[in-house]
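Asks: First the structure, which I've put down as structure tokens, then a few questions once you've had a look.
The values are calculated or read from the model by the stated rules, or taken from the named source; none is laboratory data. Note that this is a predicted model, so its numbers are computed, not measured. We place every Cβ from the backbone using ideal geometry, glycine too, and count neighbours over all the protein chains shown. Keep in mind that these areas ignore ligands, DNA and RNA; they rest on the heavy atoms of the full protein, side chains included. Shrake-Rupley method; radii C 1.70, N 1.55, O 1.52, S 1.80 Å.
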Amino acid sequence: MAYRPVRWTEEKIRQFENEGRGQGEGPSYQPWLKVADVSSLGVSHRPWSNKTGRHHELLSDVEYRLFVCLEWAPDVLDIREQYPLDRAITQQIAQELEIRHPHYPGTHVPTVMTVDFLVTHLHDGSKSLHAYNAKRDDEAEDEKSLAKLEIQRTYFELLEIPHHLVFHSAIPEQLAKNADWIRSAALKPDEVERSPGYFDDLMNRMTGELAQKRQHKRLSDYCSGFDSRHCLEPGTGLRVARMLLQERVLIADLGSHDLALASLDSFQITGRRGTPRLMGA
């Protein structure tokens with residue numbers, strides 16, 4: 001699909017504002033920028049998230065990797081990507097810092113600056129907002145990129161919102177890979193189950209089996225046996241196990257190199273949520 005980057009004018013900005021861009025929360029949130037609006041330097045992504053109830057508009061691989069880690073974190077309630085900053089405030093900050101405010105290329109229109117993620121965390125029953133920028137390491141050497149980040153840092157400091165600059169080398173690669181592998185097992189919005197509650201039933205069966213006896217097998221071997229015992233299509237059991245991992249019924253060390261090949265003895269099972277215990281104990 002060919003994308004046409006937005007031709008930025010003040011009228012276009014007003015149009016985006018009237019469309020509700022950068023507004024809402026959870027399923028109703030609309031990012032200021034969408035994949036179709038820009039020419040991404042990396043590989044863009046539009047993942048569905050069961051946590052937020054919508055597709056996310058991610059403009060690079062670095063954004064996607066950080067998004068996967070944020071979505072996996074149990075204290076994260078909501079993730080708003082490409083969140084717009086108030087131009088009047090960013091222009092005032094740029095003036096005070098004696099930094100040239102960014103403009104859209106080939107125009108005199110001041111850019112509506114965006115932070116990669118505005119995230120709602122829950123800690124001890126209290127919600128708090130945190131801002132995140134995901135950057136490649138080489139952007140630390142780019143003066144324009146650093147100037148924009150300084151404007152953003154000051155912006156969120158004024159709002160008393162913690163601002164985190166996350167370089168791609170600091171994102172745990174194995175955790176991101178495992179979280180991505182787990183999340184890809186979730187039911188998609190347009191996916192139809194073979195029968196109502198099909199996967200819920202299989203998750204209950206697998207939970208019961210794993211809770212009854214110690215398993216001295218690799219996860220993949222156990223899941224193959226699960227498929228055979230219940231006359232399922234190959235790969236179904238492994239998908240069910242990933243669903244249990246997603247729901248924290250089955251708990252693993254996401255730093256492990258290959259969860260499918262990990263011994264079941266290394267996993268924990270809650271059986272009933274909130275009561276973790278060692279597998280088979």
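Asks: Just for the stretch 119-133: of the residues that are in contact (Cβ under 8 Å) with a residue 40 or more places away in the chain and closer than 26 Å to A88 by Cβ, which one is surrounded by the fewest Cβ atoms within 10 Å (Cβ to Cβ)?
Replies: If we take residues in the stretch 119-133 being in contact (Cβ under 8 Å) with a residue 40 or more places away in the chain and closer than 26 Å to A88 by Cβ, then T120 is surrounded by the fewest Cβ atoms within 10 Å (Cβ to Cβ).
Asks: Under 8 Å between Cβ atoms, which residue pairs at least 6 apart in sequence (or on different chains) link something in the stretch 241-252 that is assigned to a strand (DSSP E or B) with a partner that is aliphatic (A, V, I, L, M)?
Replies: Pairs that qualify, where the first residue is assigned to a strand (DSSP E or B) and the partner is aliphatic (A, V, I, L, M), are L250/L210; L250/A241; L250/L244; L250/I269; I251/L245; I251/I269.
Asks: Another question, then. Residue check: is E71 in contact (Cβ under 8 Å) with a residue 24 or more places away in the chain, open to solvent by 10 Å² or more (accessible area, probe 1.4 Å) and not in a strand (DSSP E or B)?
Replies: yes
Asks: Open to solvent by 40 Å² or more (accessible area, probe 1.4 Å), in contact (Cβ under 8 Å) with a residue 60 or more places away in the chain, hydrophobic (A, V, I, L, M, F, W, C) and not in a loop (DSSP other than H, G, I, E, B): does that describe I89?
Replies: Judged against the criteria, I89 is a match.
Asks: Show the residue pairs meeting these rules: Cβ distance below 6 Å; 6+ apart or different chains; first residue within the stretch 136-154 and on the phi > 0 side of the Ramachandran plot; second residue open to solvent by 80 Å² or more (accessible area, probe 1.4 Å).
Replies: Pairs that qualify, where the first residue is on the phi > 0 side of the Ramachandran plot and the partner is open to solvent by 80 Å² or more (accessible area, probe 1.4 Å): there are none.
Asks: Taking the stretch 226-242, which residues are touching an Asp or Glu at 6+ places or on another chain (Cβ under 8 Å) and β-branched (V, I, T)?
Replies: Within the stretch 226-242, just T236 meets the criteria.
Asks: Is there any pair linking a residue in the stretch 51-66 that is within 15 Å of V35 (Cβ to Cβ) to one that is open to solvent by less than 30 Å² (accessible area, probe 1.4 Å) and of a type in the set (V, I, T), with Cβ under 6 Å and at least six apart or on different chains, and which?
Replies: E57/V35
Asks: A further question follows. Taking the condition at pLDDT below 95 and within 30 Å of A185 (Cβ to Cβ), does S60 pass?
Replies: In short, yes.
Asks: With L250, L244 as the choices, which residue is open to solvent by less than 20 Å² (accessible area, probe 1.4 Å) and at pLDDT below 95?
Replies: Step by step, each of L250, L244 is checked, and only L250 is open to solvent by less than 20 Å² (accessible area, probe 1.4 Å) and at pLDDT below 95.
Asks: Count, please, the residues in the stretch 110-140 that happen to be farther than 18 Å from I151 by Cβ and part of a helix (DSSP H, G or I).
Replies: Counting residues in the stretch 110-140 that are farther than 18 Å from I151 by Cβ and part of a helix (DSSP H, G or I) gives 2.
Asks: Restricting to the stretch 188-219, name every residue that is within 30 Å of Y64 (Cα to Cα), open to solvent by 30 Å² or more (accessible area, probe 1.4 Å) and in contact (Cβ under 8 Å) with a residue 24 or more places away in the chain.
Replies: K188, P189, R218
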